[in-house]
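What follows is a short report on a single structure.
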Amino acid sequence: MRLTELPLRQPAYVDLIDWSALTPSEGQRLREYGLCEGASVEALHHGGFLGKGPIACKVGRMTIAMRRTHAAAVTVRTGPDGVGSQDKPA
Amino acid sequence: MSALPLVALVGNPNAGKSALFNALTGARQKLGNYPGVTVERKAGRLALTDGRPVELVDLPGTYSLDPTSPDEQVTRDVILGKQDGEKRPDALVIVVDASNLDNHLRFALELIALGLPTVVALNMVDLATRDGLELDAHILSRELGVPVVSTVAVRKRGLDHLRQELDGLMNGAPRPYAGHGARDFDTVRAEARRIARAAIVRETPSRRLTAAVDRVLLHPVAGFVLLLALLFVMFQAVFSWASAPADMLEGWVTALGEAVTNTLPPGIVHDFLLQGVVGGVGAVIVFLPQILILFFFILILEATGYMARAAFIMDALMARVGLSGRAFIPLLSSFACAVPGIMATRTISDPKDRLTTILIAPLMTCSARLPVYGLIISAFIPARTVGWGIGLQGLVMFLLYVFGIVGALVAAWALRLTVTKGQSSGFLMEMPKYQWPRLQDLLIGLWQRAVIFLKRAGTIILFTNIVLWVLMSFPKAPDGVRQSEYSIAGRIAGGIHLLVEPIGFNRDISLALLPSMAAREVAVSAIATVYAIDAEDDVEALDKGLGERLQGRWSLATALAFLAWFVFAPQCISTIAVTRRETAGWKWTGFMVGYLFVLAYVAAGITYWTAIALGLG
Ligand SMILES: Nc1nc2c(ncn2[C@@H]2O[C@H](COP(=O)(O)OP(=O)(O)OP(=O)(O)O)[C@@H](O)[C@H]2O)c(=O)[nH]1
Ligand SMILES: [Mg+2]
């Protein structure tokens, strides 16, 4: 599931990041924020009317904001250990 | 170049470098709870425990030595000794946020690997405790191989210990440095995580205060409404809260004028002091309370962490005009003054984004425009409410601000379609945890603003006004001719008047336009001086307030056109100078001045002609 589809406040792990969908400097910045394969993420807030705004999410202990286009490049999976999940959203 | 040992404060944005710098050197660098507050190198002096002086530099925060924006470039250049004419630092103080350790340690490891004598300040331990996190500085020090000192910069905790460690560094006790050589990003990150884990003694689930508040403040609808409401209250307050202290100041200025009249014999000295100094500069100084109220709000927004939220809320709208939410922070700062606003654009990575933001920053209503708006509004807009306790004057003030913001967004949109065309960049930003503003910081901030404003009044505004008074007082007009028109200044203004007559400007305004290039407030002092000079023999006129005298001489249409002009006109030499520096040349500066003057002229014209058509002439 993409980070854009992750329900709010549901802990998840980063599975895969499509770096090619990001510019080199955006990729670098996301990495510097600690967003990488295996990092824990949690979507906190969706901004903007009609879901057109940025997404705020927790990465480790930090809250970062990014546009939906960036979040769409991030694939996540839910579940405490990152392997399979009991409470997969519908 | 000083021969003092050089120590650099370096670390991630918002780690508390500037707070530590202030605590160590006694400086008053700007603090703010959002990333990207410091955008240039600032030096200060620090005494070691044995009294030896050391030069300490505060740097912009950055996430690595791979810069993605101009402010981060500054840090890299200083740390690697590439800044022209500056030597490389002799030692580093790496500032890390204890509540965000894994992330900040990655950059810390990158810096430690440079091999310079280093001490780590484990800052914000109070916030870590608030989050239920307890850390062991000894473990951290052992793992990192450099001394680690726990600090709370804003409460001045841990400073003595930090100084002692600096002593050790400067006395040349070399640290046993285990060089790692170049390591790739992921290895360093994994290492940082491991060390951060090791340093955590206890971790209890924290109250997630920030997330709870954000649920409201970042809500797609409620958050936007709250942002608007906040701005509305801010500009209402500028009018309603200021009236009592402003009246008091006005009383003092009047008393001072009377004292001049009573003590000095009539003559040129008397006229000079009364018309040029007390009357002119006094008319500006009475706006001090309004300016302080505006800054009170801005300081609170900056200290709490709301600035980053405003950027988040505005991002979708900013994207529509080809900018990102990040650009909203420099624009909000421009409410104070466009100069720091333009400086703050250094945090924007994309050059075209940054240029566009610089070009529109002067459209945001800076505090120097407050006296002009304040004067015209209080003279021409009745002080009554329009229901729900909303003051009409405050409402008009709010609309003028909105006018500026909308103007800026439209301008950005047009610029992005034409001269600054390009791929629009994304929006990536760290959202800091909320903090309560500290009363002491707030008071110091207000005090600094008051000093800056009074200094401006006592220097550039006073000086410009004195020159103007001289040009307006000579040659002496024969009976029956107005002095302000007959004088040298009056004749120059006559030429300008031909240009601005079509948009409804009278001779008073024409006189004020040129000198107010020096500082916008001069428009107010200049008009006050014109009236003082023309009213010389008319004792009755002198007793009237400036607003009342304006009502007698200006039509409402003219007053509104004048306001519209001031929303757009680039009348500020400092803004022009900083634009030239930040865009590295006259090309874009000239463009900015040109388009803003055209906009101002057109806006004033449309306002005037519309008002005339509505019968307000
Ligand atoms: N609670 C707490 N707040 C702190 C501490 N140190 C700094 N702050 C606050 O944290 C915010 C950021 O501090 P700054 O000193 O501006 O941070 P900086 O590292 O200079 O940030 P940039 O200039 O953006 O890189 C401000 O609101 C400070 O008041 C601390 O030890 N404890
Ligand atoms: Mg700083």
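The residues on offer are B:Ala528, B:Ala535, B:Ala564, and the sole one that is at pLDDT 85 or above and assigned by TED's automatic domain parsing to the domain that holds B:Val500 is B:Ala528. Scanning segment B:302-356 for residues that are outside any helix (DSSP H, G or I) and within 17 Å of B:Leu231 (Cβ to Cβ) turns up B:Ser334, B:Phe335, B:Ala336. Screening the candidates B:Leu59, B:Leu46 for the property of being within 25 Å of the chain's Cα centre (by Cα) and buried (at least 18 other Cβ atoms within 10 Å of the Cβ) yields one hit, B:Leu59. Among the residues making up segment B:482-515, those that are free of Cβ contacts under 8 Å to residues at least 60 places away in the same chain and not in a helix (DSSP H, G or I) are B:Arg482, B:Ser487, B:Asn506, B:Leu514. Within segment B:426-452, being of a type in the set (Asp, Glu) and touching a strand residue (DSSP E or B) at 6+ places or on another chain (Cβ under 9 Å) holds for one residue alone: B:Glu430.
Within segment B:185-220, the set of residues being within 11 Å of chain A (Cβ to nearest Cβ) and part of a loop (DSSP other than H, G, I, E, B) comprises B:Ser206, B:Arg208, B:Leu218, B:His219, B:Pro220. Selection of first residues in segment A:47-66 that are at the interface with another protein chain (Cβ under 7 Å from one of its Cβ atoms) and surrounded by fewer than 21 Cβ atoms within 10 Å (Cβ to Cβ) and of second residues that are of a type in the set (A, V, I, L, M) and not in a strand (DSSP E or B), restricted to Cβ pairs under 6 Å at least 6 apart or on distinct chains, gives the following pairs, ordered by first then second residue: A:Lys52/B:Ala316. The listed residues are B:Ala303, B:Ala327, B:Ala283, B:Ala311, and the only one of them that is away from chain A (no Cβ under 14 Å), crowded, with 24+ Cβ neighbours inside 10 Å and not β-branched (Val, Ile, Thr) turns out to be B:Ala283.
Scanning segment B:34-69 for residues that are aliphatic (A, V, I, L, M), more than 16 Å from ligand 2 (Cβ to nearest atom) and in a loop (DSSP other than H, G, I, E, B) turns up B:Leu48, B:Leu65.
Scanning segment B:471-481 for residues that are free of Cβ contacts under 8 Å to residues at least 60 places away in the same chain and within 16 Å of B:Ala526 (Cα to Cα) yields a count of 2. Filtered by the rule that a residue be more than 14 Å from B:Val321 (Cα to Cα), in a loop (DSSP other than H, G, I, E, B) and out of contact with any Gly (no Cβ under 6 Å at 6 or more places or on another chain), segment B:420-434 gives a lone residue, B:Lys433. Only one of the numbered conditions (1) of a type outside the set (Val, Ile, Thr); (2) away from chain A (no Cβ under 14 Å); (3) closer than 26 Å to B:Arg194 by Cα; (4) away from ligand 2 (no atom under 16 Å from the Cβ) is violated by B:Leu92, and that is (4).
The listed residues are B:Val146, B:Val78, B:Val119, and the only one of them that is within 14 Å of ligand 1 (Cβ to nearest atom) and in the same structural domain as B:Gly16 (by TED's automatic domain parsing) turns out to be B:Val78. Which of the numbered conditions does B:Thr575 fail, given that it passes all the others? Conditions: (1) surrounded by 22 or more Cβ atoms within 10 Å (Cβ to Cβ); (2) within 16 Å of B:Val396 (Cβ to Cβ). Unmet condition: (2). Among (1) within 14 Å of chain A (Cβ to nearest Cβ); (2) within 20 Å of A:Met62 (Cα to Cα); (3) within 16 Å of ligand 2 (Cβ to nearest atom); (4) touching a helix residue (DSSP H, G or I) at 6+ places or on another chain (Cβ under 8 Å), where does B:Pro13 come up short? Status for B:Pro13: all satisfied but (4). Taking the criterion of being over 26 Å from B:Met234 (Cα atoms) and among the small types (Gly, Ala, Ser), the residues of segment B:400-441 that qualify are B:Ala414, B:Gly422, B:Ser424, B:Ser425, B:Gly426. Considering segment B:20-31, and only residues there that are near ligand 2 (Cβ under 8 Å from one of its atoms) and more than 21 Å from B:Pro117 (Cβ to Cβ), the residue that is nearest to the chain's Cα centre (by Cα) turns out to be B:Lys30.
If we only count helices (runs of 4 or more DSSP H) wholly inside segment B:524-617, which ones have 3 or more residues that are more than 21 Å from B:Leu331 (Cβ to Cβ)? Output list reads B:539-543, B:546-553, B:556-568, B:586-613. Here B:Val10, B:Val95, B:Val39, B:Val54 are screened, and the one residue that is buried (at least 18 other Cβ atoms within 10 Å of the Cβ) and more than 15 Å from ligand 1 (Cβ to nearest atom) is B:Val54.
The values are calculated or read from the model by the stated rules, or taken from the named source; none is laboratory data. For clarity, every value in this text was computed on a predicted model and none was experimentally measured. Ideal geometry is used to build each Cβ from the backbone, glycine not excepted, and the neighbour counts take in all protein chains shown.
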